[in-house]
Amino acid sequence: MRLTAGESIFIPRKTAHIWTCMSGRPAKIINVYQPAGKMEEFFRAVSTFKDLPTREDVINKTYTEEQVQRLGRLFSDHGMDLLGPPLLEVDEGGRITQIA
């Protein structure tokens with residue numbers, strides 16, 4: 001599905017999903033968890049996570065494999081599985097590339 005600014009989508013619990021920003025510009029996403037389940041514990045744990053990649057690390061892809069593995073374990077410990085990178089990548093010029 002493609003959503004535009006101001007639109008929303010309901011994703012039922014335990015539904016595998018990924019997302020990407022198609023505009024080529026920074027975007028914001030707001031997640032609502034109802035009921036919260038293990039999410040409160042997850043956010044507490046991630047707030048104390050040592051060596052969390054910065055925004056710049058993610059943009060420049062300068063994070064380490066160890067950071068990815070540790071984050072994967074953190075997600076898994078809280079009932080979430082990281083599915084991998086987005087299926088599409090959008091460059092700064094708005095050009096879309098199929099990844100998978």
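Any read-out appearing in this document is the output of simple, stated calculations on the displayed coordinates, not a laboratory observation. Values in this document were obtained by computation on a predicted structure and should not be read as measured data. Glycine also receives a Cβ, built like all others from the backbone with ideal geometry; neighbour counts cover every protein chain displayed.
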Q. Order of Leu3, Leu74 from fewest to most other C-beta atoms within 10 Å?
A. Leu3, Leu74
Q) For a label point 7 angstrom out from the Cα of Lys61 toward its Cβ, which stretches of region 9-49 have the backbone nitrogen within less than 11 Å? A) none
